[in-house]
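Structure first, commentary second.
The values are calculated or read from the model by the stated rules, or taken from the named source; none is laboratory data. It should be emphasised that the depicted structure is a prediction, and the values quoted were computed from it without experimental measurement. Cβ atoms come from the backbone with ideal geometry, glycine included; neighbour counts cover every protein chain shown. Ligands, DNA and RNA are excluded from the accessible area calculation, which covers all protein heavy atoms including side chains. Shrake-Rupley method; radii C 1.70, N 1.55, O 1.52, S 1.80 Å.
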Amino acid sequence: MKCQKCNNPATFHITEMTDDEPVELHFCEMHANQYLHKGSLQYMESPVEEGSGNSSVLQDTTQELMELDFQTCPICGIGFQEFRKSGRLGCPNDYQCFGEQLEPLLIGIHGASEHIGKRPSQDGSQDRRLLLIRLRRELDDAVLTEDYEHASHLRDQIRDLEVEKI
């Protein structure tokens, strides 16, 4: 099924409950985000036409999303696109790296963007945890490139750091 606003495949299927009857909407990811931000059926009344002012706004939005998808964390190497697919961050530094994009998500899910409550015990240093994250990432890369000698060295380093923790 195609998006109701463009020719891309519809990946979001929304049922809008109105007073009269339910209305089914089918959008690609970009148009679903725009629809959800506007939050009403008014979005359906404003078609996107080639050569109109809306087209340049859509191009700008698409460009911003593409740049955001290729943004990566300097510590663990996870990209924002990978986070969007898996729903998991790679390290604590990602909250600073992707903070601007994560804050609306956190507020939407938890109702706040600041943690209140219990925290994990701080039995190890922050640097050691970040080092473990980086080494595990390198280990995965070494296995993918079939550099097994380097992978075994990394495995031993990880094991030594984990033993120190106990």
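May I ask you to list the residues in the stretch 9-36 that are open to solvent by less than 30 Å² (accessible area, probe 1.4 Å), part of a loop (DSSP other than H, G, I, E, B) and under 21 Å from LEU105 (Cβ atoms)? Residue satisfying the conditions is CYS28 alone. A Cβ distance below 6 Å, combined with a sequence gap of six or more or placement on separate chains, defines the contacts here; from the stretch 136-150, residues that are over 18 Å from CYS76 (Cβ atoms) reach residues that are surrounded by 15 or more Cβ atoms within 10 Å (Cβ to Cβ) and modelled with pLDDT under 95 in the pairs HIS150/ALA142.
Has the stretch 52-59 got at least one residue that is modelled with pLDDT of 65 or more and closer than 21 Å to ASN33 by Cβ? No, the stretch 52-59 contains no residue that is modelled with pLDDT of 65 or more and closer than 21 Å to ASN33 by Cβ. In the set GLN81, GLN96, GLN157, only one residue is surrounded by 10 or more Cβ atoms within 10 Å (Cβ to Cβ) and under 22 Å from ASN33 (Cβ atoms); that residue is GLN81. Quick one: is GLY77 touching a Lys or Arg at 6+ places or on another chain (Cβ under 6 Å), modelled with pLDDT of 80 or more and within 20 Å of ARG129 (Cα to Cα)? Considered against the rule, which asks whether it is touching a Lys or Arg at 6+ places or on another chain (Cβ under 6 Å), modelled with pLDDT of 80 or more and within 20 Å of ARG129 (Cα to Cα), GLY77 comes out as yes.
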